[in-house]
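K.L.:
Please read through the structure below; I'll follow up with questions.
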Amino acid sequence: MVPKQRLELDYSLASNYEAWVSLIRQIAERFRVNSQVVIIRLTELEWIAKDLQKQLFQDSRLVIKHDEKFDPETPPSLSSGIRDKSTQIIRQGLSWHFINLGTEAYRRREITYHKLLDMLLLPLEDGYQLLHELLTFLEVDG
């Protein structure tokens, strides 16, 4: 989950406690893992000692809050606005993969737009805005 080679190439040992906190958060965000995973990995690599590990485990700044989490399947190319809106759906228990399957089914005309909104647990207004930004447009027969 946190490859040794990437850590050694891209990061260096921190010089003080505050720098460790910052480094651990950066690594956790980059690899989309919990801070505790990073702390354990850095301990395994002997970058940090056991006493520092215990101290870092207790630091509330290293707790990744629910609203800071995101689905690791979410493409990094999404704009922050689209990412925020899709995160709202993901918090309801749906994955990016499910969102993508639904939008693809709509594009192939296998389901209706309203069915897609229902699957994504979205009201019409919120769904229209999100899906419009994801390039999934409501098609009206004329």
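K.L.:
Under 8 Å by Cβ, and 6 or more places apart or on different chains, what pairs join a residue from segment 17-40 that is within 14 Å of Arg61 (Cα to Cα) with one that is among the basic types (Lys, Arg)?
P.N.:
What qualifies is Val21/Arg61; Arg25/Arg61; Ser35/Arg25.
K.L.:
For residues in segment 11-40 being assigned to a helix (DSSP H, G or I) and more than 20 Å from the chain's Cα centre (by Cα), which is modelled with the lowest pLDDT? Break it down stepwise before answering.
P.N.:
We begin by selecting, within segment 11-40, every residue assigned to a helix (DSSP H, G or I); these are 17-31, 35-40.
Within this subset, residues satisfying the condition of being more than 20 Å from the chain's Cα centre (by Cα) are 17-20, 40.
Numbers: Tyr17: 96, Glu18: 96, Ala19: 96, Trp20: 96, Ile40: 93.
Among residues in segment 11-40 that are assigned to a helix (DSSP H, G or I) and more than 20 Å from the chain's Cα centre (by Cα), the one modelled with the lowest pLDDT is Ile40.
The values are calculated or read from the model by the stated rules, or taken from the named source; none is laboratory data. Keep in mind that this is a model prediction, so the values were computed, not measured. FYI the Cβ positions are ideal-geometry reconstructions off the backbone, even for glycines, and counts take in every protein chain you see.
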